[in-house]
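Visitor: Structure provided below as C-alpha cells; questions to follow.
The values are calculated or read from the model by the stated rules, or taken from the named source; none is laboratory data. The structure displayed is predicted, hence computed values, not measured ones. We place every Cβ from the backbone using ideal geometry, glycine too, and count neighbours over all the protein chains shown. These accessible areas exclude ligands, DNA and RNA; they are computed on the full protein's heavy atoms, side chains included. Shrake-Rupley method; radii C 1.70, N 1.55, O 1.52, S 1.80 Å.
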Amino acid sequence: MAETWWKQSVVYQIYPRSFKDSNGDGIGDLNGITEKLDYLKELGIDVIWLSPVYESPNDDNGYDISNYRGIMKEFGTMEDYDRMLAAAHERGIKIVMDLVVNHTSDEHPWFVESRKSKDNPYRDYYIWREGKEGNPPNNWESCFSGSAWKYDEETDMYFLHLFSKKQPDLNWDNPKVRDEVFDMMEWWCQKGIDGFRMDVISMISKVPGLPDGKLKESGYGDFGPFVQNGPHVHEYLQEMNRRVLSKHSLLTVGECSGVTIEEAKKYANSDGSELSMVFQFEHMDLDGGETFKWNDRKIDLVELKETLSKWQVELYGKAWNSLYWCNHDQPRILSRLGNPSKEYHDVSAKMLATCLHMMQGTPYIYQGEELGMTNVPFEKLEDFRDIESINAYRECVGKNLIAPDDMMRYLRYKSRDNARTPMQWDDTENAGFTAGTPWIMVNPNYTEINAKEQLAREDSVFHYYQKLIRLRKEYPIIVYGKYSLLLPQDRSLYVYKRELDGQTLLVICNFTDQEVPYEIPEELKGRDKKVLISNISGDYGKNDMDLKPYEAMVFLYE
Ligand code: NOJ
C-alpha cells in the first residue's frame, strides 16, 4: 500500500465559533485559534480541519457562504487568517479548509444576480424550475425540514435548496460553475493551505428531471436516490482532481452522505484520481429510525462492529478510510456510546478512543473529544441555536409526529448543538472560552471537565489521546496493518486484530459497565507481547482475564 503523509496523520477539527474567543464578543475567532496552537501541538495532531471561516450571514453557522475569498467578520480578517496559517505551519501543523460548494448563501453575489431575471448570465449557476399548479416542482424535503424549493416572486419560479432556504444549490452541470469553484480552490492552494474537507460533495450531481421521491412520514419525498452519488459526481471530481488537486500535495476528504462501499472505492480510490478519503455515515446512522435521527435509541454494539468492520475490510488496499466518532453535526460520543457518569467518564472516553484510533484509516478528533466533553443539559427550545434542531422541533411537534416532551429529549440526545457549546479550557467563568457572553450556553460541567485540569493530570483523557497519537507514529502496523474482527456476535466486547509483516496487534474493548470474562485467542497464547496502552492498570500476563467496566487494552505480538 502506498504510503502518504495524510495516511499517517491525525486530524483535529476546529469549529471556530466555539473554540476560543480572543476579543470578548462571545464568538470564537482566528486569533483565538492562533493562541491555542501550542495546545494542539502538545496534543500531537498533524492537521487542523477548520470548519468554514468565510464571509457568511450565518444562517447555518458559516455553511452558507457569501464570499469564498473573504473572512467572516466575527472571526477576524484575512491578515488574521494568514498569521494563523503561518503560525500553524511553523509548528508543523497543516491546515485543511472546509469547501462548501454544493450550495452558496442566497447573499452570494452569484445568487443575487441569478434571481434577478431569467436571462441573467448567472441564472444557470443555480437550479431553477417552474412550479406545478402552484406547488413546488417536486416533493423533495429539505434536510432542515419543509420543502426543498423556495418560490421567488421576482421571476415566478422556484430554486432548489437541499438545506436551508438561504442555501441555494449550485448547478454543477454548468461548466462555468465548475470553473469558478476550481479557480477559487486554486486561489486557496496558492495561499499554501494543505487540503479540503468537502461538504456534502456526494450531492453535487442531481438526476435529470429531478423526479419525486418516496413519501416520508412528514408528507414530503426523499431526495436521496436522485441526489446522492448522482450521475456525474465522479466525472466532476476527476475534473477537479485534474485541474486543481493533482497539482498540490493535499489531504482531501469528501463528506459523502449516502456513500456505499462501492461508491467509496471510486471517491477514495488509491489510484488518486478523486479524493484521499471519504466520511461515511453508516455507523452514525445505526440509531436512526422512521423519524430520521429524532429518537433516543441506543446504537447496537453488534451492528456497530459489523458496520465498521465492513468498511475496514472492504476498503483495505483499495481505498482509504477516515475514522471518526464526533464532529460538529454529531452529539458527543461519550453520551452516545460511553458513560459520562463520574465513575466511568474517563475510562469510557479512553476506551472509545482506543477502539477508534487503533483501526485503519486517518483518525479525526473533534474539539473537546480529547477531554471527553459530553452532551449538554439543554432545558428549553430557546437554549438551542442550530437551524436543524429548531426547524425539526417545529416540524415534528407542529405536525404531531412527536410529542413535545419526547422531542425535547431527542434534541438533548441528538442535536448538533451538543457538539457546538464552547470548548472547555478551564474552570473560570464561561470555561475560559470568552470574556463576554457566549453565543451559546456553556456546558455546566466545565468546572470538572476542562483542558487545564487535564493537562495537569497525568492520567487524564487528554494525555491518553496524546499517547494514542504517539503510538500511531511509532508503529506502522497501526497505520497499515490488515484488520480482522474477532467475536462478531459478542454483545459486550469489541475485539479486533491488525496484522503487518508478521506482527499482530490485538485490541480489546469492553463497551459495558459490567465485568466481562475474556480469553486471548489460542494462536496468540504464549507469544511474547508488549502492552502498548491500556486504560486501567491490570495484570496482563494471563490468558484468561476479567475485563473491568469499559476496560480497553492493546497488545503487540512481535
Ligand atoms: C454538512 C455540514 O457538516 C453541516 O454542518 C451543514 O449544515 C450541511 N452540510 C450544509 O452545508
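Visitor: Look at Ser249 and say whether it is open to solvent by less than 30 Å² (accessible area, probe 1.4 Å) and either in contact with a Leu (Cβ under 6 Å, 6 or more places away or on another chain) or not in a helix (DSSP H, G or I) (or both).
Guide: Taking the combined requirement at face value, the residue does not satisfy it.
Visitor: If you don't mind, another one. Only residues that are among the small types (Gly, Ala, Ser) and open to solvent by 10 Å² or more (accessible area, probe 1.4 Å): list them for the stretch 364-379, please.
Guide: none
Visitor: Another question about this same structure. Which ones in the stretch 456-478 are open to solvent by less than 40 Å² (accessible area, probe 1.4 Å), within 17 Å of Ala552 (Cβ to Cβ) and not hydroxyl-bearing (Ser, Thr, Tyr)? Steps first, answer last, please.
Guide: Taking the stretch 456-478 as the starting set, the residues that turn out to be open to solvent by less than 40 Å² (accessible area, probe 1.4 Å) are 460-466, 468-469, 471-472, 475, 477-478.
In the following step, the residues that additionally are within 17 Å of Ala552 (Cβ to Cβ) were identified as 460-466, 468-469, 471-472, 475, 478.
Within the stretch 456-478, Val461, Phe462, His463, Gln466, Leu468, Ile469, Leu471, Arg472, Ile478 meet the criteria.
Visitor: Looking at the stretch 398-419, which of the residues that are out of contact with any Gly (no Cβ under 8 Å at 6 or more places or on another chain) and in a loop (DSSP other than H, G, I, E, B) is most open to solvent (accessible area, probe 1.4 Å)?
Guide: Asn400
Visitor: Any residue at all in the stretch 290-301 that is open to solvent by 30 Å² or more (accessible area, probe 1.4 Å), within 21 Å of the chain's Cα centre (by Cα) and within 22 Å of Ser51 (Cα to Cα)?
Guide: For the stretch 290-301, residues open to solvent by 30 Å² or more (accessible area, probe 1.4 Å), within 21 Å of the chain's Cα centre (by Cα) and within 22 Å of Ser51 (Cα to Cα): absent.
Visitor: How many of the residues in the stretch 271-289 are open to solvent by 10 Å² or more (accessible area, probe 1.4 Å) and of a type in the set (Asp, Glu)?
Guide: Of the residues in the stretch 271-289, 3 are open to solvent by 10 Å² or more (accessible area, probe 1.4 Å) and of a type in the set (Asp, Glu).
Visitor: Scan the stretch 1-20 residue by residue and report those that are open to solvent by 10 Å² or more (accessible area, probe 1.4 Å) and out of contact with any strand residue (DSSP E or B) (no Cβ under 7 Å at 6 or more places or on another chain). Talk me through it step by step, then tell me what you get.
Guide: Initial filter on the stretch 1-20 (open to solvent by 10 Å² or more (accessible area, probe 1.4 Å)): 1-8, 17, 20.
Met1, Ala2, Glu3, Thr4, Trp5, Gln8, Arg17, Lys20, listed by residue number.
Visitor: Looking at (1) touching a helix residue (DSSP H, G or I) at 6+ places or on another chain (Cβ under 7 Å); (2) at negative phi; (3) hydrophobic (A, V, I, L, M, F, W, C), which is the only condition Ala431 fails?
Guide: Failed condition: (2).
Visitor: I've got another one for you. Taking the condition of being over 19 Å from the mean Cα position of the chain (by Cα), more than 16 Å from the ligand (Cβ to nearest atom) and touching a residue at least 60 places away in the same chain (Cβ under 8 Å), how many residues in the stretch 44-89 meet it?
Guide: 5
Visitor: Continuing with this model, one more query. Residue by residue through the stretch 370-394, note down the ones that are in a helix (DSSP H, G or I) and either more than 16 Å from the ligand (Cβ to nearest atom) or free of Cβ contacts under 8 Å to residues at least 40 places away in the same chain (or both). Give the derivation first.
Guide: Step one: of the stretch 370-394, the residues in a helix (DSSP H, G or I) are 370-371, 381-383, 387-394.
Hits for the stretch 370-394 are Glu370, Leu371, Leu381, Glu382, Asp383, Ser389, Ile390, Tyr393, Arg394.
Visitor: Of all residues in the stretch 26-58, how many are surrounded by 16 or more Cβ atoms within 10 Å (Cβ to Cβ) and in a loop (DSSP other than H, G, I, E, B)?
Guide: Of the residues in that region, 13 qualify.
Visitor: Moving on to the next point. Would it be correct to say that Thr447 is open to solvent by 50 Å² or more (accessible area, probe 1.4 Å), β-branched (Val, Ile, Thr) and more than 23 Å from the chain's Cα centre (by Cα)?
Guide: Against the criterion (open to solvent by 50 Å² or more (accessible area, probe 1.4 Å), β-branched (Val, Ile, Thr) and more than 23 Å from the chain's Cα centre (by Cα)), Thr447 qualifies.
Visitor: Which condition number does Ala264 fail, the rest of (1) among the aliphatic types (A, V, I, L, M); (2) open to solvent by less than 30 Å² (accessible area, probe 1.4 Å); (3) assigned to a loop (DSSP other than H, G, I, E, B) being met?
Guide: Answer for Ala264: the failing condition is (3).
Visitor: Among the residues of the stretch 221-239, which ones are closer than 15 Å to Gly258 by Cα and open to solvent by 40 Å² or more (accessible area, probe 1.4 Å)?
Guide: Passing the criteria: Asp222, Pro225, Phe226, Gln228, Pro231.
Visitor: Do any residues in the stretch 106-123 that are charged (D, E, K, R) have Cβ atoms under 6 Å from those of residues that are open to solvent by less than 60 Å² (accessible area, probe 1.4 Å), where the two are at least six apart or on different chains, and which pairs are they?
Guide: Asp106/Lys166; Asp106/Pro168; Glu107/Pro57; Glu107/Ser66; Glu113/Asn120; Arg115/Asp152; Lys118/Thr155; Arg123/Ser114
Visitor: What's the total number of residues in the stretch 240-266 that are over 17 Å from Gln360 (Cβ atoms) and within 16 Å of the ligand (Cβ to nearest atom)?
Guide: 7
Visitor: Would you pick out the residues in the stretch 521-549 that are in a strand (DSSP E or B), open to solvent by less than 60 Å² (accessible area, probe 1.4 Å) and out of contact with any Leu (no Cβ under 9 Å at 6 or more places or on another chain)?
Guide: The answer is Ser534, Met545.
Visitor: For the list (1) within 16 Å of the ligand (Cβ to nearest atom); (2) open to solvent by 20 Å² or more (accessible area, probe 1.4 Å), I need the number of the one condition that Val181 fails.
Guide: Condition (2) is where Val181 drops out.
Visitor: Next question. In this structure, is Phe196 open to solvent by less than 10 Å² (accessible area, probe 1.4 Å), within 15 Å of the ligand (Cβ to nearest atom) and out of contact with any Leu (no Cβ under 8 Å at 6 or more places or on another chain)?
Guide: Here the answer is no, as Phe196 does not meet what is asked.
Visitor: Can you tell me which residue in the stretch 332-348 is nearest to Ser51 (Cα to Cα), limited to those that are open to solvent by 10 Å² or more (accessible area, probe 1.4 Å) and small (Gly, Ala, Ser)?
Guide: The extreme case among them is Ser335.
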